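Working notes for the structure below.
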Amino acid sequence: MNSNVFNPTGTTIRRPHRGLIVAGLAAALLLGTGSAFAQEVLHIPYVADIGSFDPDNAFEVGALSAINNVYEGLVEYEPGSTRIVGLLAKSWEISSDGLTYTFHLVDGVKFHDGTPLNAAAVINSFERRRDHNLILGYFLGNVTEMKAPDELTVVLTLGHPQPSLLDGFSSPWGPKVVSPAALKEHDGGDFATTWLNEHADGTGPFKLGEFARGERYVLERNADYWGAKPFFDEVQISVVPDIGQQILQLQAGEIDAVPNNYPFAQLASLPPGLEITAIPSMAQFELFAKAGSPMDDADLRTALLTAINPALWVKDAFGDYAAVSKSLYMNTMLDPVHPVTYPTDFEAAKAVIAKHGPLKIVIGMQNEEQSYQRVAELIIAQMAKIGVDASVIVLPSGGAYSLKDDPKAPDFLLSRSSPDAAHPENQAKVFYTKDAPLNFFGRTLPEADAIVDQAGLLTDVTARNALYEKAGQMYFDAGQFVPLVDVNDVVVHAEGLTDLGLRPTVPPGNIDFATVRWAE
C-alpha cells in the first residue's frame, strides 16, 4: 500500500518498492565493506553545464545546489519555508532607525583551506562583491559602511532603511563568504574571478573536489565542517541535458534523482521504486501584456480574462502539482486578503468578441520547455472558445529583453517568474515597476509604483503586504500583468531518499546536499 508522508522538506509520495541503490547499500553492509555513513555517494544530473562556480559573479540557476553547499552566507531560508534563520551568523540586531545591522558570527568556523572565519573575512568578501562590478553586487548596493568591532562581529550601515535586506542576504544568490587567503593568492589582478570560475574555497559542508566542465563535478564531504555533518560522503554530478535520458538513468539506478522537469503527465504513474518530493515554489507562470494590445480595452480585457482564467486548465497542465496564483505575488510570498478574480460569463465574452470583429492574439514564449508549451496550448484553446484566433511563437534566446523596443512584439509574453528572494519587493521591483529590469514591455503605472515604494519602507508585515497587494491589484486591473499558476518544485527520486531540503525561494530542482539522506 502507498503512504503519503509530510515532512519539512515537502510532501513525499512513497512507492511500494525500494530503489536499487538502497538494496545495494544493504548488500554492502552485509559484506562488511564499511558503514552506510562512510560510503554513501549521491548521483545527481544537471541539465546544463555550470557557467561559473564564483558565488559573487554568476547568476547560476541549476547549479545552486552545488554552489550553496560549498559556500555559506550569514543567514538563509529554512528548508520548506521562507523563514529566515542564522547560518554563519548565530544572531543579529537591527537598529531602531533600520540603518545598522549587527551580526554575531559562529565561533570556530574554518574555510576549506583551514583559514579561520572572522569578521574581517566577511567584510573582505562583501567588499569584493560590492565594489568590483561583479554580477551579484546589487545585493550590497545599499551598504555604505562595514566594520568589524571584534573578531566575531560584523556591523553594516545602510544608506537608507531597507526592510528587505535580510531576505536578500537569505537569497540563494545572496552574499557568500570566500576564504580571504584564497582571494589573495589567486587575485591575478581580477579579484580572483578567473580562479573562482572553476575552483572554490568556502565554509560549507562540501568541498569542490572536481570540476570537469561538460562532463561532471564532484563534491566531497567537508570532514571539518562546523555544523551537522552531511549524510553523503560524496556528490557526483553529471551533465545530462536530455530529460528522457535522465529518466532512463534513474530507472536503471545510475542516478538517484531527476531534480527538475520530469513530465507532469507521467507523475501519476511512476515505475516501482521511484517516488516524488514536492513543495510549493516561487515559480509563477504569468502573462505580460504589451501597451496597445487588446488588454488595454476594458471590454476586450474582460473577455480575454474570461478565457485565460487558469482555474479552468491548471489541472490539465500540472495535475496536483500547481495552484492558481492568487495575485501577482507568489502564493508562498504573499497570501492576499482579496485574491484576483476572473470573469466567468463565456456567453458575454463571445458577444464582445463578435461585436469587435475578428481578433488575433500572438503569445510569445521565452523557451520551448514542455510546461511552457502546455500552458500556451491550453490558453489558445480557451481563447478559441470565445472566438479569438490565438497563436504562439518561440522567442529567440534573449528575445524577451528587447520586447519593449520591438514594434513587432507579440501581444503577450508567457513567462515564468522566479524572484531572487521572498520579500514582495523582490517581485514588484524586478517585474512590475517602471524601472524594473524584467518589466519586459516597459509598462508604467505611476500610482501603483508609488504604493510599492511606500510598502518597501514598512517593517510591519501585515501593513506591508496590504500595500503590495493593492499595487498588484492595480497592475492587474490595468491589464498589464496577469498571474496564472504557481508550479510546485517537483523532484522524482529513488525510493527512500528523504530530507531533500527544498526551499520555495530556490529555483526548482536544487536539492540540499547537506540535508538529503537515505531513510533508515
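The values are calculated or read from the model by the stated rules, or taken from the named source; none is laboratory data. The model shown is predicted, which means the values in this text are computed figures rather than measured ones. Methodologically, a virtual Cβ is constructed for each residue, glycine included, from the backbone with ideal geometry; neighbour enumeration extends over all protein chains shown. Surface areas here come from the heavy atoms of the whole protein model, side chains and all, with no ligands, DNA or RNA. Shrake-Rupley method; radii C 1.70, N 1.55, O 1.52, S 1.80 Å.
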Task: Qualifying position, being open to solvent by 40 Å² or more (accessible area, probe 1.4 Å), on the phi < 0 side of the Ramachandran plot, of a type in the set (Val, Ile, Thr) and outside any helix (DSSP H, G or I), among THR332, THR302 - done: THR332
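Give the residues of region 127-173 that are in a helix (DSSP H, G or I) and open to solvent by 50 Å² or more (accessible area, probe 1.4 Å), sorted by residue number. Give the derivation first.
At the first step, the residues of region 127-173 found to be in a helix (DSSP H, G or I) are 127-131, 137-140, 165-170.
Matches in region 127-173: GLU127, ARG130, ASP131, TYR138.
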TODO: Identify the single condition in (1) under 28 Å from the mean Cα position of the chain (by Cα); (2) basic (Lys, Arg); (3) part of a helix (DSSP H, G or I) that LYS176 does not satisfy, given that it satisfies every other one.
DONE: (3)
Open item on the list: Tell me whether region 379-394 contains one or more residues that are among the acidic types (Asp, Glu) and modelled with pLDDT under 95.
Closed with: no
Task: Complete set of residues in region 213-242 that are in a strand (DSSP E or B) and open to solvent by 20 Å² or more (accessible area, probe 1.4 Å) - done: ARG216, GLU220, ARG221, GLU234, GLN236, SER238, VAL239
TODO: Please give the number of the condition LEU484 fails out of (1) out of contact with any strand residue (DSSP E or B) (no Cβ under 8 Å at 6 or more places or on another chain); (2) buried (at least 19 other Cβ atoms within 10 Å of the Cβ).
DONE: (1)
Open item on the list: Just to check your reading of the model, which residue among SER327, SER397 is within 25 Å of ASP435 (Cβ to Cβ), assigned to a loop (DSSP other than H, G, I, E, B), without any contact (Cβ under 8 Å) to a residue 60 or more places away in the chain and polar (S, T, N, Q)?
Closed with: SER397
Task: Residue count for region 262-285, restricted to those that are surrounded by 18 or more Cβ atoms within 10 Å (Cβ to Cβ) and within 21 Å of the chain's Cα centre (by Cα) - done: 12
Open item on the list: Checking SER418 against (1) touching a Pro at 6+ places or on another chain (Cβ under 7 Å); (2) modelled with pLDDT of 95 or more; (3) open to solvent by 10 Å² or more (accessible area, probe 1.4 Å): exactly one of these is not met. Which one?
Closed with: (2)
Open item on the list: I'm checking my understanding of the structure. Among residues of region 335-362 that are open to solvent by 50 Å² or more (accessible area, probe 1.4 Å) and touching a strand residue (DSSP E or B) at 6+ places or on another chain (Cβ under 9 Å), which one is farthest from LYS385 (Cα to Cα)?
Closed with: PRO339
TODO: Considering only region 67-94, state which residues are in a strand (DSSP E or B) and either free of Cβ contacts under 8 Å to residues at least 12 places away in the same chain or farther than 15 Å from GLY202 by Cβ (or both).
DONE: VAL75, TYR77, ILE84, VAL85, GLY86, ALA89, LYS90, SER91, TRP92, GLU93, ILE94
TODO: Name the one entry in TYR468, TYR475 that is in contact with a Leu (Cβ under 7 Å, 6 or more places away or on another chain), among the hydroxyl-bearing types (Ser, Thr, Tyr), crowded, with 19+ Cβ neighbours inside 10 Å and more than 30 Å from ASP316 (Cβ to Cβ).
DONE: TYR468
- [ ] Among the candidates ALA384, ALA376, single out the residue that is over 21 Å from PHE441 (Cα atoms) and out of contact with any helix residue (DSSP H, G or I) (no Cβ under 8 Å at 6 or more places or on another chain).
- [x] ALA384
Task: Scope region 185-203; condition among the charged types (D, E, K, R) and part of a helix (DSSP H, G or I); matching residues - done: GLU185, GLU198
- [ ] Can you run down the residue pairs with Cβ atoms below 7 Å, 6 or more apart or on separate chains, where the first is in region 107-126 and within 10 Å of ALA182 (Cβ to Cβ) and the partner is open to solvent by 60 Å² or more (accessible area, probe 1.4 Å)?
- [x] HIS112/LYS207
- [ ] Just give me the residues in region 481-520 being of a type in the set (A, V, I, L, M) and more than 19 Å from ASN331 (Cα to Cα), in sequence order.
- [x] VAL491, VAL492, ALA494, LEU497, LEU500, ILE511, ALA514, VAL516, ALA519
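Matching residues to (1) at pLDDT below 95; (2) among the β-branched types (Val, Ile, Thr):
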{"site": "LYS404", "(1), (2)": "yes, no"}
{"site": "VAL430", "(1), (2)": "no, yes"}
{"site": "PHE440", "(1), (2)": "no, no"}
{"site": "GLN454", "(1), (2)": "no, no"}
{"site": "VAL461", "(1), (2)": "no, yes"}
